[in-house]
1. Of a type outside the set (A, V, I, L, M), part of a helix (DSSP H, G or I) and within 21 Å of the chain's Cα centre (by Cα), is that true of Thr80?
2. From the list Asp211, Asp203, pick out the single residue that is surrounded by 18 or more Cβ atoms within 10 Å (Cβ to Cβ) and acidic (Asp, Glu).
3. Yes or no: Arg114 of a type in the set (D, E, K, R) and either surrounded by 16 or more Cβ atoms within 10 Å (Cβ to Cβ) or under 30 Å from Tyr137 (Cα atoms) (or both)?
4. Given (1) hydroxyl-bearing (Ser, Thr, Tyr); (2) loosely packed, with under 13 Cβ neighbours inside 10 Å; (3) in contact (Cβ under 8 Å) with a residue 40 or more places away in the chain; (4) outside the structural domain of Asp53 (by TED's automatic domain parsing), where does Tyr96 come up short, assuming only one miss?
5. Pairs, please: C-beta under 6 Å, at least 6 apart or cross-chain, first residue surrounded by fewer than 17 Cβ atoms within 10 Å (Cβ to Cβ) and in the range 221-249, second part of a helix (DSSP H, G or I) and among the hydroxyl-bearing types (Ser, Thr, Tyr)?
6. Whether any residue in the range 154-175 is closer than 15 Å to Ala33 by Cβ, exposed (fewer than 14 other Cβ atoms within 10 Å of the Cβ) and at pLDDT 95 or above is what I want to check.
7. For the range 8-34, how many residues meet the condition of being over 20 Å from Pro122 (Cα atoms), touching a residue at least 40 places away in the same chain (Cβ under 8 Å) and either within 14 Å of the chain's Cα centre (by Cα) or part of a helix (DSSP H, G or I) (or both)?
8. If you go through the range 37-60, how many residues are surrounded by 21 or more Cβ atoms within 10 Å (Cβ to Cβ), modelled with pLDDT of 95 or more and under 20 Å from Trp17 (Cα atoms)?
Amino acid sequence: MPLPTTLEIETAALTAWPGLYTANDGHWVWRAARGYSNRANSIQCLEPGDGADAAARLGRMTDLFTRHGLPPVFKVTPLTAPAAIAALDALDWVTYGHSHVLRMDMRAGIAAPRHHTALFDPRDPQWHSVQAELSGYSGYDAETVRLILERVPCDQRGVLAYDANGVPAAAVLVAVANGISIYGNVVTRPSHRGQGFARAGMDAAIAWARDAGAVAAGIQVAAGNTAAIRLYTSLGFGRAYDYHYRKPQPAK
């Protein structure tokens with residue numbers, strides 16, 4: 001399989017990390033999930049040619065956020081219609097959250113994890129409670145993540161990497177949608193950073209994804225997260241495209 005396209009990665013990512021609420025207008029998608037993560041609480045356009053009535057459509061989807069008590073967010077990718085960007089510009093929505101999307105094929109061999117790892121159904125508290133602890137989630141955010149995981153329609157696994165004393169040191173979430181493996185929620189216990197636990201978790205996640213039928217992979221990473229970018233590049237990922245978010249100007 002050739003490296004996945006932007007559309008293939010974005011649609012796989014939408015499947016792997018769903019919103020709790022979704023609305024569609026042509027190729028525009030609105031999602032909300034109690035405010036946890038921009039990925040699941042944003043509007044995005046999946047077709048550059050779908051820009052008709054952009055200002056009105058943006059207004060309607062903004063109203064949906066208001067109805068759910070959430071701030072409006074728009075995810076801008078290479079697929080975003082120029083008319084949608086013009087509508088955001090006209091409203092002076094600010095830019096933030098610059099990120100890279102990395103991709104790779106799954107043909108190359110994957111090293112055996114350096115540390116002990118285990119796979120879980122991510123809905124199992126043995127995984128999601130540890131991931132919440134490592135991430136420092138509030139109770140509200142931990143419950144939101146649990147609700148999102150309950151709605152993932154494709155095959156998924158949670159990975160934990162353990163230190164020599166059996167303490168969970170890192171967590172990874174992986175899902176396979178349409179032959180593309182999507183990785184997220186990668187986190188390492190602060191006291192265990194720089195010791196290869198995230199790599200071990202990613203190695204185990206990639207091996208599982210290949211066994212589950214994935215032929216390509218995609219991962220999103222904040223542009224300033226140099227440690228994560230270095231890790232993913234060393235695993236074989238290469239930069240595919242960038243995206244960012246936009247939101248209304250803060251009230252004065």
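1. On the way: of a type outside the set (A, V, I, L, M): yes; part of a helix (DSSP H, G or I): no; within 21 Å of the chain's Cα centre (by Cα): yes.
Considered against the rule, which asks whether it is of a type outside the set (A, V, I, L, M), part of a helix (DSSP H, G or I) and within 21 Å of the chain's Cα centre (by Cα), Thr80 comes out as no.
2. Values: Asp211 fails: surrounded by 18 or more Cβ atoms within 10 Å (Cβ to Cβ).
Of the residues listed, the single one that is surrounded by 18 or more Cβ atoms within 10 Å (Cβ to Cβ) and acidic (Asp, Glu) is Asp203.
3. Values: of a type in the set (D, E, K, R): yes; either surrounded by 16 or more Cβ atoms within 10 Å (Cβ to Cβ) or under 30 Å from Tyr137 (Cα atoms) (or both): yes.
Criteria met by Arg114.
4. Unmet for Tyr96, out of (1) hydroxyl-bearing (Ser, Thr, Tyr); (2) loosely packed, with under 13 Cβ neighbours inside 10 Å; (3) in contact (Cβ under 8 Å) with a residue 40 or more places away in the chain; (4) outside the structural domain of Asp53 (by TED's automatic domain parsing): (4).
5. Tyr241/Thr6
6. In the first step, residues of the range 154-175 are kept if they are closer than 15 Å to Ala33 by Cβ; the result is 173.
Among the residues that remain, those that are also exposed (fewer than 14 other Cβ atoms within 10 Å of the Cβ) are: none.
Looking through the range 154-175, none of the residues is closer than 15 Å to Ala33 by Cβ, exposed (fewer than 14 other Cβ atoms within 10 Å of the Cβ) and at pLDDT 95 or above.
7. Counting residues in the range 8-34 that are over 20 Å from Pro122 (Cα atoms), touching a residue at least 40 places away in the same chain (Cβ under 8 Å) and either within 14 Å of the chain's Cα centre (by Cα) or part of a helix (DSSP H, G or I) (or both) gives 4.
8. So the answer is 6.
The values are calculated or read from the model by the stated rules, or taken from the named source; none is laboratory data. Being a predicted model, the structure only gives us computed values, none of them experimental. Glycine gets a Cβ as well: all are built from the backbone with ideal geometry, and neighbour counts include every protein chain shown.
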